[in-house]
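Before any comments, here is the structure.
The values are calculated or read from the model by the stated rules, or taken from the named source; none is laboratory data. Given the structure is predicted, the values throughout are model-derived calculations rather than measurements. Every residue, glycine among them, receives a Cβ derived from its backbone with ideal geometry; neighbour counts consider all protein chains shown.
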Amino acid sequence: MNTTEKSPATEEPKAAPTQARRTPPEVVTSIVLGILGITLALGFTSPFAIIKGRQAVAKIDEDPARYDGRPLAMVGQVLGIVGTVWLVAWLVLSFTVGFAGIDMFDVLRTALNQALGPNAIVYALAAIGLNVHFGYTGLLNFGQAGFMAVGAYGLAVTVVTWDQPFVLGILVALLAPVLLALVLGVPTLRLRADYLAIATIATAEILRLVFGAVETKSVFGGSNGLNNYAGTYQDANIFRTWDVFNPGGALGFDRLDLWIMSFSKRDLWSMVIGWLLVALCCLVVWALMRSPWGRLLRAIREDEDAVRSLGKNVFAYKMQALVLGGLFGGLAGLYLALKQASVVPSDYSTNMTFLAFVALLIGGAARVAGPVIGAMILWFLISGMREFFEQATAGADPVMPTWLMDNTQASLIRFVAVGLGLMLLMIFRPQGIFGDRREIAIDGR
Amino acid sequence: MRQRVFTLVSVVFFLLLLQPANAFAETTSPSASPTAPSGTPSDEGAEEPLPDGDYIRVTLTDRDKGGAPVPDVRLTVAAVEEGSEPEDVGEDVTDDQGIAIIETPGPGTYVVTLDEDTLPDGVELNDATSTELEITARLGGATNAAFPIGTQAVNEVPFSEKFSVAMMSGIKFGLLVALAALGLSLIFGTTGLTNFAHGELITLGALLAYVFNRGIGLPVIVAGIAAVVASAFFGWAQDKALWAPLRRRGTGLIAMMIVSIGFGLFLRNVFQYTIGSSRKSLSEYVNQGRRDYGPISLADKELAIIVISLVTITITCIVLMRTRLGKAMRAVSDNPALSASSGMKVDRVISNVWILGTALTGLSGVLLAINSQINFLMGFKLLLLVFAGVTLGGLGTIWGALFGSMVIGIMVEVGPLFGVPSSIKEVGALVVLILVLLVRPQGILGRRERIG
Amino acid sequence: MAADLGKTARPDLTGIEHVPGSKKPDAIVVGDHITRQFGGLKAVDVGHIEIQRGVITALIGPNGAGKTTLFNLLTGFDTPDTGEWSFNGHPLARVVPHKVARLGMVRTFQLTKVLAKLSVIENMRLGAKGQSGESFLKAALPFLWRSEEARNTERADELLARFKLDAKREDFAGSLSGGQRKLLEMARALMVDPELIMLDEPMAGVNPALKQSLLGHVKSLRDEGRTVLFVEHDMDMVRDISDWVIVMAQGQIVAEGTPDAVMADPAVIDAYLGAHHDTDLSEMDEKALEAEAEAELEAELHDTETKGS
């Protein structure tokens, strides 16, 4: 009857130092070199960023009691690796295929523009929402595109179809994802993780199909979607009407060109708004997740029954998390609708959700900045790859042999890579770049 | 309990939101002008915004009615290039004025195809009219084209006949879904993996059949068989190369599910890379006339599809019920640990399940290819319906998957007769999926750990 | 009455009849006709049960006797087919688990459910009741909950010190040994400040060295005025610390009484060795296992059905 099993008596307490830890100087050096590497220094400082980063990590690991800043050192290393890969590719290609067709500088510029531009912001916002759902609470929401769609259509339908003021449209756009979360949450939050995934993915598809249907064209605009609602947003563009040096006059340039980066005034405006939104959302997530409320979500992620047994209403907390993350998703949709001034149902496909997941997993789930960094890296990579292969296949006599790849196939390589990347990431580094393996939600279960 | 009531109320509310669409679909008739329901004056004269880039503007008129515009017909535009097959660029539905606007990539030759099924009830094309119109766009910007058609009235088909036709195609579709669902259910049952790359296994079957048929030149039937065999091999290979190592590492189910999403994304884009984004068809059995069998009429290939599916499903069920392999599979799905400790080679059983499951799914793809066309997205589009079928019947049970898939297939095809907008007929099935999750979650749930 | 129990047992217990379902003078839990059927098997079929307040009651019985299922039923983690029961006079039928816990009836689990990826102190803080920082609207404003959090932390630290876990304060709970996990789970349950604490096999998987201190902790719970109900296989522990023993077999209560009396009861020996002494023991074990497996399977299904509704 005695079911005693031997458990190793590891009673020896580990050193639990609590004195202030500091960041080794190598960390900063590594990051500076890394950033220089992928921008001004064209990759030449990147190998040094890796070396410094490695030294920093070694130092921290040797005496974790004295030093911290390991994630930052990792950032330095990653920047270094990205820059070095780029440097090597650039050098190799420059010298082997000559400068035939591929302008690596242009590739880098496109990649950087996209990593900082509005597209990355859309994915960052969506992934922040998924982080609340999946990263912190363990809810596998595969219907983030649905939340985005109701946000976007909330604005467009209010302004275009119902002819209501813009401000009301924004309110509807923020309210719609909350309502969707409530309606969706009641039946689905009881389900096991993978069924929740199927239910949410189905809901998102239903919404997309209904929004794009011929029969609902009078409301949602059919497959062409809706536009002509973003005037207020465009008119508020400060770069159009305002200039620090010349108050009252229009800004004295059409595009902002900063050698390696170039943005139109329209994008610049969207970036200001977008990054403010991202910062705000991150702040909210950060503030909430360090509170007892955030602790509860992480506890639910691990074991609902344990939390129930302590007298906590698990369902209510899951619902709150679903609503909050859905709201961020709706915000992403709203932002997408504003920055591109049209809503088209095909934008809100399942692929959108999957890519947002990729962004989250690259950066690291259950980390405040994870989704943001992840979205930037994702866009850097996919737009860089696109530009590279477009150039390699462009023109009458492309660099890439046409039997291997033609111009239409060039844009697919990046998604092939994303698919592969997602698999490898999940298998070898499920915690992403910043995550802590001991703390992630994904193993087990 | 309050939550459940609240949910029901919310669902009803949601359905009410959809109601205008349904009501509107029912009132569609040749005489009405259906794009804008009367009573919403703001819609009248509201024109579609014109695209910024190049586009084709087709005006569809009925010359037998004095050139009256024909609204609500779906037109698909495909680009025609020398030496390659037409590639779809877009589609639109004609508005009140019979106008449809489709964006195009630039100057070139295009073929506009009319979807006969979307013609108003009681009207069909007369013999002098083709469903296709070739347009050459020489300049950028707008290219206008007139598409005059001739129509003739036909007798309104009685409801019972429409119903039996829809029912038949529902059964056919249901069987195709069932084949794929059987594969999914087998794999889920033994490994617990919710495979989001399952849709791609359907596409793979179709694509392999296309490659064997058009690429190597085998007759369709031989190509189909070869495709199923190759699918089975792919199932074995992907288990050995991907899933078995992951199982050995002790990777969690959720992580595996995300890996399957990546795998699906990868395969989808590889497929598109290989065959492009247009629809392809096999070399034989493309356009077959229908024969009458009592109250129903079926093309030979449709009959063959139904018979092949039924036979395959029956054989599979017998195999699972009677043979050692089947018993081993069920044992592993019941309790892998116990099966392993009682001397069963669990890995071999799982490997067999992957082979069988992928072969069944590949067959479903082959039959779909014969039934209609091949496209890199065909399986992905079907994935949710397969999920719905499996979930509806109760996961892990063979009979559940079959029953659920038939229900889904029939719902999708028969739904439009009862007011489900036909352009989004899959929605009905997905709504059912969610409702089932709401009222009968135990029907769809696998095992949970014991509490305590 | 056994002499060695005299020093801790409440005098109330002396007059109680040693029969299944006997009346207690001051019952904290009273249950009637609680049944739970899994397929063809009645996992739990309890006609009447009373748990005396302020004492340690042990629930024993062979594998598959329905002890854990009864725990699940009483705490709302599973729903019975029939039956009513109350806690402190509150009817509990169809009350969801978290509400049961809030009333002051907190359980632990046979397979410990410490939150491995939270630190030990975070596990403890989680247990505190009525935290305003757990409200979504207040969570983002730390000044609203900081002092309360500090008070909870203080209490948690006291409990950790009492359970000798203070050295592990900042470690991930996942790094604890089996026995430490049991301790942590018990300490965490105390953060809820329960009137009745229900321990499901607190000794299972515990290092023998830790057993004595665990026993001491369980006794100290009673000494501070809480009621303890625990499921246990370890007869030494049962004899050592319980004031009253309830014996279950095949879903029913077959005997009740003080530890010594119960251990001498032929009905109990029957229950453990099989009602027919001549039947093969291994066969009986197999049946019990089968029943248990079936019960589990059904519990899963049923559990998902009732979850969250």
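At a glance:
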quantity: Matching helices (runs of 4 or more DSSP H) fully within segment B:143-261 where at least 1 residues are within 14 Å of chain A (Cβ to nearest Cβ), buried (at least 23 other Cβ atoms within 10 Å of the Cβ) and touching a helix residue (DSSP H, G or I) at 6+ places or on another chain (Cβ under 6 Å); calculated: B:159-191, B:198-210
quantity: Evaluation of C:Gly178 against (1) closer than 27 Å to A:Leu322 by Cβ; (2) at the interface with chain A (Cβ under 9 Å from one of its Cβ atoms) (one fails), failing number; calculated: (1)
quantity: Residue match in segment B:395-409 (condition: closer than 30 Å to B:Glu284 by Cα and within 13 Å of chain A (Cβ to nearest Cβ)); calculated: yes
quantity: Residue within segment A:364-374 that is within 20 Å of the chain's Cα centre (by Cα) and within 12 Å of chain B (Cβ to nearest Cβ) present; calculated: yes
quantity: Selection status of A:Phe357, within 14 Å of chain B (Cβ to nearest Cβ) and either buried (at least 23 other Cβ atoms within 10 Å of the Cβ) or not basic (Lys, Arg) (or both); calculated: yes
quantity: C:Leu184 vs. criteria at pLDDT 90 or above, more than 9 Å from every other protein chain (Cβ to nearest Cβ) and within 22 Å of the chain's Cα centre (by Cα); calculated: yes
quantity: Of residues in segment B:267-284 being touching a residue at least 40 places away in the same chain (Cβ under 8 Å), out of contact with any strand residue (DSSP E or B) (no Cβ under 8 Å at 6 or more places or on another chain) and not charged (D, E, K, R), the one nearest to the other protein chains (Cβ to nearest Cβ); calculated: B:Gln272
quantity: Residue in segment C:164-171 that is surrounded by 17 or more Cβ atoms within 10 Å (Cβ to Cβ), more than 7 Å from chain A (Cβ to nearest Cβ) and closer than 25 Å to C:Gly76 by Cβ present; calculated: no
quantity: Qualifying positions in segment B:304-342 - outside any helix (DSSP H, G or I) and modelled with pLDDT under 80; calculated: B:Asn335, B:Ser342
quantity: Residue count, segment A:367-396 (criterion: in a loop (DSSP other than H, G, I, E, B) and touching a residue at least 12 places away in the same chain (Cβ under 8 Å)); calculated: 5
quantity: Pick from segment B:337-350, criterion in contact (Cβ under 8 Å) with a residue 40 or more places away in the chain and crowded, with 18+ Cβ neighbours inside 10 Å, ranking: farthest from B:Gly183 (Cα to Cα); calculated: B:Val349
quantity: Only listed residue being within 14 Å of chain C (Cβ to nearest Cβ) and among the β-branched types (Val, Ile, Thr), chosen from A:Val272, A:Val314; calculated: A:Val314
quantity: Condition met for C:Ser177 (small (Gly, Ala, Ser) and under 26 Å from C:Lys211 (Cβ atoms)); calculated: yes
quantity: Residue match in segment A:211-221 (condition: modelled with pLDDT of 90 or more, within 30 Å of A:Ala316 (Cβ to Cβ) and hydrophobic (A, V, I, L, M, F, W, C)); calculated: no
quantity: Among (1) under 23 Å from the mean Cα position of the chain (by Cα); (2) crowded, with 17+ Cβ neighbours inside 10 Å; (3) without any contact (Cβ under 8 Å) to a residue 40 or more places away in the chain - the single one B:Gly326 does not satisfy; calculated: (1)
quantity: Members of segment C:45-68 that are under 16 Å from the mean Cα position of the chain (by Cα) and either within 21 Å of A:Leu310 (Cβ to Cβ) or part of a strand (DSSP E or B) (or both); calculated: C:Ile49, C:Glu50, C:Ile51, C:Gln52, C:Ile56, C:Thr57, C:Ala58, C:Leu59, C:Ile60, C:Thr68
quantity: Failed item in (1) farther than 30 Å from A:Leu322 by Cβ; (2) at pLDDT 85 or above, with A:Ile121 passing the rest; calculated: (1)
quantity: Options C:Ala93, C:Ala128, C:Ala101; residue that is at the interface with another protein chain (Cβ under 7 Å from one of its Cβ atoms) and either of a type in the set (A, V, I, L, M, F, W, C) or within 19 Å of the chain's Cα centre (by Cα) (or both); calculated: C:Ala101
quantity: Residue match in segment B:294-317 (condition: of a type outside the set (A, V, I, L, M), more than 30 Å from B:Thr397 (Cβ to Cβ) and touching a Ser or Thr at 6+ places or on another chain (Cβ under 7 Å)); calculated: yes
quantity: Restricting segment A:286-298 to residues that are free of Cβ contacts under 8 Å to residues at least 12 places away in the same chain and under 23 Å from C:Pro194 (Cα atoms), the residue that is nearest to the other protein chains (Cβ to nearest Cβ); calculated: A:Pro292
quantity: Test result for A:Ala176, surrounded by 21 or more Cβ atoms within 10 Å (Cβ to Cβ), touching a Phe, Trp or Tyr at 6+ places or on another chain (Cβ under 9 Å), at the interface with chain B (Cβ under 9 Å from one of its Cβ atoms) and within 21 Å of A:Phe328 (Cβ to Cβ); calculated: no
quantity: Lone qualifier among A:Arg208, A:Arg192 - being touching a residue at least 40 places away in the same chain (Cβ under 8 Å) and either surrounded by fewer than 23 Cβ atoms within 10 Å (Cβ to Cβ) or more than 8 Å from chain B (Cβ to nearest Cβ) (or both); calculated: A:Arg208
quantity: Residue under evaluation A:Leu283, criteria (1) within 21 Å of the chain's Cα centre (by Cα); (2) touching a residue at least 12 places away in the same chain (Cβ under 8 Å); (3) closer than 21 Å to C:Gly133 by Cβ, criterion not met; calculated: (2)
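Residues are listed down the side, and each one gets a yes or a no for (1) surrounded by 23 or more Cβ atoms within 10 Å (Cβ to Cβ); (2) assigned to a helix (DSSP H, G or I):
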residue	(1), (2)
A:Asp305	no, yes
A:Val323	no, yes
A:Gly326	yes, yes
A:Gly329	yes, yes
A:Ala332	yes, yes
A:Ala337	yes, yes
A:Thr353	yes, yes
A:Ile362	yes, yes
A:Ala365	yes, no
